[in-house]
Amino acid sequence: MQALNGVILSCMAESSDRSPVLAVVLAFIIMVAVAATIYLFNHHKLTDLSVSKVDIFAPHTEFKASQGGSVQMLGESAQAEDDLYVVTHINITNKWKQRIFISGWSATVMFADGSTLDSTLVAKSELPRLEQIFPQITSLATDPIGDGDELDPGVTKTGSIVLLFPNVTQDQWNKKRSAVLNIDLHEHVSQTVKLP
């Protein structure tokens, strides 16, 4: 009986000695798996993104004082507005092994004085209305890229994105320090490229 107890105690001692080794090996395997996942999904770029050219459309719009009708607005003066439309022509290639979806875009400009401004999104569906107001933009915004456009593996999509910077002049744009475009991809990290 005493011999049997000794065998049980020695087996328990051996199994408790193996537990820390097993735990260390399992922790190492898990750390390697996590590091490999992070490397595969974050280290490599999902796309090749480049800007082939940028067209600038900077309308100066004047609104005259309200007149006519049954109400006269005394003291109301004419107003003016300067807006800057930056039509960015891009090439985007899906380097990943699965289809990816464009889910939007944005841009940020840093002006000469160090201040920054984010663009307003001009969706593909809004372009017909914008072209009615400003027919000149029709020839600039060719092959517009839209929210939800798909990119199959290895495929390159070429098209334009319209960015609106309200109350900005072309002179301010020309004197900017920098500008970047961010393309948002559904369930992936957004892709960034500098604007000329």
Exercise. In straight Cα distance, which lysines are under 29 Å from residue 124, not counting same-chain residues fewer than 8 positions off?
Worked result: 45, 53, 95, 97, 157, 175, 176, 194
Seminar exercise, completed: Expressed as a percent, the accessible surface of segment 85-167 that is carbon or sulfur, using a 1.4 Å probe and the full set of protein chains, is 50 percent
Problem set entry | For segment 140-196, with +1 on Lys and Arg beta carbons and -1 on Asp and Glu, the positive-most of 186, 163, 174 along the dipole | 174
Exercise. In sequence order, what are the phi-derived ³J(HN,Hα) couplings for segment 90-98 according to the Karplus relation 6.51 cos²θ - 1.76 cosθ + 1.60 with θ = phi - 60°, rounded to whole Hz, with x for glycine and proline?
Worked result: 10, 10, 10, 10, 7, 9, 8, 8, 10
For this session: Name the residues whose placed amide hydrogens come within less than 5 Å of the amide hydrogen of residue 140, ignoring near sequence neighbours (fewer than 5 apart) on the same chain.
Result: none
Problem set entry | Measure of compaction for segment 82-196 (Cα Rg per 2.2 N^0.38 Å) | 1.10
For this session: Whole number in Å², please: accessible area per residue of segment 145-196, 1.4 Å probe, ligands, DNA and RNA not counted.
Result: 53 Å²
Problem set entry | Under-5 Å amide H pairs with residue 147, H placed in peptide plane, nonlocal only | 124
Exercise. Over segment 77-141, how many percent of alpha carbon pairs lie in each 5 Å bin up to the one with the longest distance?
Worked result: 3, 10, 17, 20, 18, 15, 10, 4, 2, 1, 1, 0
For this session: Just check segment 146-196 against the gyration tensor rule for me: Cα atoms, a ≥ b ≥ c as the square roots of the eigenvalues, rounded for a/c under 1.5, and otherwise prolate or oblate depending on whether a/b exceeds b/c.
Result: prolate
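The values are calculated or read from the model by the stated rules, or taken from the named source; none is laboratory data. Keep in mind the model is a prediction, meaning the values are calculated, not measured. So basically every Cβ, Gly included, is an ideal-geometry build from the backbone, and we count neighbours across all protein chains shown. Accessible surface is based on the protein model in full, side chains and every heavy atom, while ligands, DNA and RNA are left aside. Shrake-Rupley method; radii C 1.70, N 1.55, O 1.52, S 1.80 Å.
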